1. Collect the residues in region 69-110 that are acidic (Asp, Glu) and more than 24 Å from Cys320 (Cα to Cα), keeping them in residue-number order.
2. Of everything in region 188-232, what is under 15 Å from the mean Cα position of the chain (by Cα), in a helix (DSSP H, G or I) and among the small types (Gly, Ala, Ser)? Give them in sequence order.
3. State all residues of region 259-276 that are away from the ligand (no atom under 16 Å from the Cβ) and either farther than 26 Å from Lys187 by Cβ or touching a residue at least 40 places away in the same chain (Cβ under 8 Å) (or both); if no residue qualifies, say none.
4. Test each condition in (1) modelled with pLDDT of 95 or more; (2) at positive phi for Ala226 and report the one that comes out false.
5. Cβ contacts < 9 Å: first residue at positive phi, restricted to region 150-168; second residue β-branched (Val, Ile, Thr) and buried (at least 21 other Cβ atoms within 10 Å of the Cβ), any location; separation 6+ or different chain. Result?
6. Looking only at region 216-237, count every residue that is without any contact (Cβ under 8 Å) to a residue 40 or more places away in the chain and surrounded by fewer than 23 Cβ atoms within 10 Å (Cβ to Cβ) and tell me the total.
7. Scan region 178-188 residue by residue and report those that are crowded, with 19+ Cβ neighbours inside 10 Å and either of a type outside the set (A, V, I, L, M, F, W, C) or under 23 Å from Val248 (Cβ atoms) (or both).
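The values are calculated or read from the model by the stated rules, or taken from the named source; none is laboratory data. Values in this document were obtained by computation on a predicted structure and should not be read as measured data. Neighbour counts run over all protein chains shown; Cβ positions are idealised from the backbone, glycine included.
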Amino acid sequence: MYLQKRPRILRNNPAIRSMVAETFLKPGDFIAPLFIDEGENIVFEIPSMPGYYRRSIDGTIKEVKELWDLGIKSVLLFIKAPDDLKDNTGKEAWNPYGLMQRSIKAIKSAVPDMIVMTDVALDPYSSYGHDGIVKDGEIVNDETVEALVKMSLSHAAAGADFVAPSDMMDGRIGAIRHAFEENNFTKVGIMAYSAKYASCFYGPFRDALDSAPGFGDKKTYQMNYANRIEAVKEALADEEEGADIVMVKPAMAYLDVIREVKNSVRIPVSAYHVSGEYALIKAAAKMGWIDENKAILESLTSIRRAGADLIATYFAKDACKLLS
Ligand code: PBG
């Protein structure tokens, strides 16, 4: 057989394959999400996220030290608010002595170089389990943005390096940036969840924080998974409004969107490999149907290849161990 081209030459052995590999993972690519609870010595395994835990601040600090030693540079904080602090204003979200604010301070004082990112949305504090304020059965935009601004300022005051608004209200990035400028928080970044889809893959996360919506769904603010161009519109708007990093979420079912956004913006793109995507791999591995470690590396490499500069993933620690 005469062949002008033999592509298999570049796949012949491990040496040549690694020489021509296009995509690499490193610990600094990962953002580790952390679930934090009140109390002491609390280590609660989330039933739908086997191997992943919600911890009190003491245990969280130990975890952050371990993550830092593995080479992870950033954590993304989520807190579980007690039911009696939830209402329809979400005001606990900007309590200067709230769990989030205390967690930020504790982590920054224990591991000062760790980049602390904080979730900004009202759902953990909302009696309705929605990301915004509810009026007449609707999630109202502009009042919610005012609340998110107060929340962001309180995170910045506690020492957060980045706020990460995950609420999908219109205009919140510009409003938060403006408030940061007015209050002299000129070193605090914004990682915008720009293209966040209304996805069934958030189920286990809502178990972790007991934050499932009490009525309806999130489709009036989170995006329709049928849409790609809309993601570009949202990402460009957030870039324009002053976001430092834009995010696409979930990741695996949205690789095309990650690429489209990556080609459109001039700032780093992150992708959130979400709780349901974690649970899928864990469950199949437990059944003996896939090799967990291989699935982790293949999934994360695919997300990087699609164009994500950073990946928020519950596999951050496992991936670092596999890479070393
Ligand atoms: C809430 C929020 C959610 C996630 C991150 N921030 C859930 C939701 O929007 O209902 C999901 C993360 C995951 O599933 O891993 N604003």
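1. Initially, region 69-110 is screened for residues acidic (Asp, Glu), giving 69, 83-84, 87, 92.
Residues satisfying the conditions are Asp83, Asp84, Asp87, Glu92.
2. Once the filter is applied, which keeps residues that are under 15 Å from the mean Cα position of the chain (by Cα), in a helix (DSSP H, G or I) and among the small types (Gly, Ala, Ser), region 188-232 yields Gly203, Ala208.
3. Within region 259-276, the subset away from the ligand (no atom under 16 Å from the Cβ) is 259-269.
Of everything in region 259-276, those that are away from the ligand (no atom under 16 Å from the Cβ) and either farther than 26 Å from Lys187 by Cβ or touching a residue at least 40 places away in the same chain (Cβ under 8 Å) (or both) turn out to be Arg259, Glu260, Val261, Lys262, Asn263, Ser264, Pro268, Val269.
4. (2)
5. Taking only residues 6 or more apart or on different chains, the pairs are Gly159/Ile104; Gly159/Ile107; Gly159/Val116.
6. In the first step, residues of region 216-237 are kept if they are without any contact (Cβ under 8 Å) to a residue 40 or more places away in the chain; the result is 217, 219, 224-233, 236.
Going one step further and asking which of them are surrounded by fewer than 23 Cβ atoms within 10 Å (Cβ to Cβ), we end up with 217, 219, 224-230, 232-233, 236.
The total comes to 12.
7. Val188
Quick grid of which residues meet (1) in a strand (DSSP E or B); (2) surrounded by fewer than 21 Cβ atoms within 10 Å (Cβ to Cβ); (3) aliphatic (A, V, I, L, M):
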{"site": "Leu77", "(1), (2), (3)": "yes, no, yes"}
{"site": "Pro96", "(1), (2), (3)": "no, yes, no"}
{"site": "Gln101", "(1), (2), (3)": "no, no, no"}
{"site": "Ile107", "(1), (2), (3)": "no, no, yes"}
